[in-house]
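Peer 1: What follows is a single structure, and I will ask about it in a moment.
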Amino acid sequence: MTAPPAPQRALIIKPSSLGDVITGLPVLRALRRAFPDAHLGWLVNAPLAGILDGEAALDEIIGFDRRRFGRMWRSPRSGGAFAAFCRDLRRRRFDWAVDLQGLFRSGFLARVSGAPVRAGFARAREAAWLFYTHRIETAPAHTVDRNIALARGLGLDARPDDLRLTVTERGRRFAAGILAETPAPPPCLVVAPGTRWLNKLYPRRHWRAVLESLGGTARIVLVGAPDERELCDALAAAARADVVNLAGETDLGELVGVIAAADALLCCDSAAGLIAAAVDTPFVMLTGPTRPERTGPYGRLGRALAADVPCIGCLRRRCRHATCMQLIDPARVADAARGALRRARRAAAEA
């Protein structure tokens, strides 16, 4: 495919979810490398915009009010707001629109932008490919690599090490205040027990066993969204270790700062693992219904832990038994966390 004309204004469309937004960073950096003087924008769900704060390669963040616009079929006011949003998007006169979401809504927004070059995955779902002028075939399995392949299909020099997040100064200060310790602090392990799919959750009794095993090994910081506060409260109350519970207490910039400042991260399959990969923090990810080769640890610092069951990687959002998560031995998890902490110490010694 012949590379399209260089843009003066380019738009990345990757509204959600938080982890998916992070996987688009290599495309942003490749665009900036190729077009240092271009105006680069990113269309993202408004609640997730904070993850892009401080990104020097980005000129503009366009917040998409998904909750409000989702009501437009039954609310004339929401429909009017969406129409106004579309008009405003078109007035921005982007030359390129790169759709990394690959759904009907994102493809439609690429078309609405009026960009003469509209690129996306050739096999995008929900017939989103109908809106593209440039349909890019991609073979890689992992989401990050698929985005890189799409960028390369446009003639851009996208690289795996472009998966990196900028830690804002405010995020660094927040983390320093939380992690401040006495003269010889223990290593800090951030634990993110929550995740969006119920069947990706590790059982609470297992988490309690893990935290008890790690008592004395590390200072544990629990993180999570506001709706994960109850889970983290229960784990903190049952733990016999030094636990700081930040669930529901951080914005996205502060969360990035805490994970960047930690020695290691332990999580289920969630955005926390991608944040860790993008700030060079060793991490362990517990996986079951999802497939590590698609959404699991990316880069050399991550490790996936999974049980040996026939239905592993089923990709089902609902499951009656969640055997794949139930059978991950807490002793294995604690040992893997200690290994991640050792990797962090070795990396610090070599730095």
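Peer 1: Report those strands (runs of 3 or more DSSP E) wholly inside the range 234-337 carrying at least 2 residues which are among the β-branched types (Val, Ile, Thr) and closer than 16 Å to Val221 by Cβ.
Peer 2: 243-245
Peer 1: May I pose another question? Restricting the search to the range 228-247, which residues are over 26 Å from Asp280 (Cβ atoms) and in contact (Cβ under 8 Å) with a residue 24 or more places away in the chain?
Peer 2: Matches in the range 228-247: Leu231, Ala234, Leu235, Ala238, Ala239, Arg240.
Peer 1: Then there's this: Taking the criterion of being of a type in the set (Ser, Thr, Tyr) and either touching a Ser or Thr at 6+ places or on another chain (Cβ under 9 Å) or modelled with pLDDT under 95 (or both), would at least one residue in the range 77-94 satisfy it?
Peer 2: Yes: the range 77-94 contains one or more residues that are of a type in the set (Ser, Thr, Tyr) and either touching a Ser or Thr at 6+ places or on another chain (Cβ under 9 Å) or modelled with pLDDT under 95 (or both).
Peer 1: Just need a number here: residues in the range 87-105 that are farther than 22 Å from Gly155 by Cβ and within 26 Å of the chain's Cα centre (by Cα).
Peer 2: Selection size over the range 87-105: 4.
Peer 1: Turning to a different aspect of this structure: Kindly indicate which of Ala337, Ala344 is out of contact with any His (no Cβ under 8 Å at 6 or more places or on another chain) and at pLDDT 90 or above.
Peer 2: Ala337
Peer 1: In the range 325-346, which residue that is touching a Ser or Thr at 6+ places or on another chain (Cβ under 8 Å) and more than 30 Å from Arg159 (Cβ to Cβ) is surrounded by the most Cβ atoms within 10 Å (Cβ to Cβ)?
Peer 2: Among them, the one singled out is Ala334.
Peer 1: Quickly run through the range 66-106 and pick out the residues that are over 21 Å from Leu25 (Cβ atoms), in contact with a Phe, Trp or Tyr (Cβ under 8 Å, 6 or more places away or on another chain) and either among the hydrophobic types (A, V, I, L, M, F, W, C) or surrounded by 19 or more Cβ atoms within 10 Å (Cβ to Cβ) (or both).
Peer 2: Matches in the range 66-106: Phe69, Met72, Ala81, Phe82, Phe85.
Peer 1: Take the residues in the range 264-318 that are aliphatic (A, V, I, L, M) and farther than 23 Å from Leu252 by Cα; name whichever of them is surrounded by the fewest Cβ atoms within 10 Å (Cβ to Cβ).
Peer 2: Only one residue fits best here, namely Leu315.
Peer 1: Applying the selection to the range 51-65, what residues are more than 27 Å from Arg172 (Cα to Cα) and surrounded by 16 or more Cβ atoms within 10 Å (Cβ to Cβ)?
Peer 2: Selection gives Phe64 alone.
Peer 1: Among (1) in the same structural domain as Ile51 (by TED's automatic domain parsing); (2) within 25 Å of Ala49 (Cβ to Cβ); (3) touching a Ser or Thr at 6+ places or on another chain (Cβ under 7 Å), where does Ile148 come up short?
Peer 2: Only one criterion is unmet by Ile148, namely (3).
Results for (1) modelled with pLDDT under 95; (2) over 26 Å from the mean Cα position of the chain (by Cα); (3) within 20 Å of Ala261 (Cα to Cα), shown as yes or no for each residue.
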residue	(1), (2), (3)
Ala176	yes, no, yes
Ala184	yes, yes, yes
Arg196	yes, no, no
Ala218	yes, no, yes
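Peer 1: Can I ask one more? Which is buried (at least 21 other Cβ atoms within 10 Å of the Cβ), in contact with an Asp or Glu (Cβ under 9 Å, 6 or more places away or on another chain), among the small types (Gly, Ala, Ser) and at pLDDT 95 or above, of Ala151, Ala158?
Peer 2: So the residue among Ala151, Ala158 that is buried (at least 21 other Cβ atoms within 10 Å of the Cβ), in contact with an Asp or Glu (Cβ under 9 Å, 6 or more places away or on another chain), among the small types (Gly, Ala, Ser) and at pLDDT 95 or above is Ala151.
Peer 1: Now for a different question. When the residues of the range 107-118 are narrowed to those that are buried (at least 19 other Cβ atoms within 10 Å of the Cβ) and part of a loop (DSSP other than H, G, I, E, B), which ends up nearest to the chain's Cα centre (by Cα)?
Peer 2: Out of the qualifying residues, it is Ser113.
Peer 1: If you don't mind, another one. Looking for something free of Cβ contacts under 8 Å to residues at least 12 places away in the same chain, assigned to a helix (DSSP H, G or I) and outside the structural domain of Ser270 (by TED's automatic domain parsing) - is there at least one such residue anywhere in the range 48-57?
Peer 2: Among the residues of the range 48-57, not one is free of Cβ contacts under 8 Å to residues at least 12 places away in the same chain, assigned to a helix (DSSP H, G or I) and outside the structural domain of Ser270 (by TED's automatic domain parsing), which makes the answer no.
Peer 1: Determine whether Ala234 is more than 30 Å from Cys311 (Cα to Cα) and in contact with a helix residue (DSSP H, G or I) (Cβ under 7 Å, 6 or more places away or on another chain).
Peer 2: no
Peer 1: Against the definition (in a loop (DSSP other than H, G, I, E, B) and either touching a Lys or Arg at 6+ places or on another chain (Cβ under 7 Å) or not aliphatic (A, V, I, L, M) (or both)), how does Gly80 come out, yes or no?
Peer 2: No, not satisfied.
Peer 1: Further, regarding this structure: Is the range 185-196 home to any residue that is in a helix (DSSP H, G or I) and either more than 21 Å from Ala277 (Cβ to Cβ) or polar (S, T, N, Q) (or both)?
Peer 2: No, the conditions are met nowhere in the range 185-196.
Peer 1: What residue, of Leu198, Leu179, Leu156, is of a type in the set (A, V, I, L, M), touching a residue at least 60 places away in the same chain (Cβ under 8 Å) and over 30 Å from Thr250 (Cβ atoms)?
Peer 2: Leu156
The values are calculated or read from the model by the stated rules, or taken from the named source; none is laboratory data. No experiment lies behind these values; they were computed from the predicted model shown. Backbone-built Cβ (ideal geometry, glycine too); neighbour counts: all protein chains shown.
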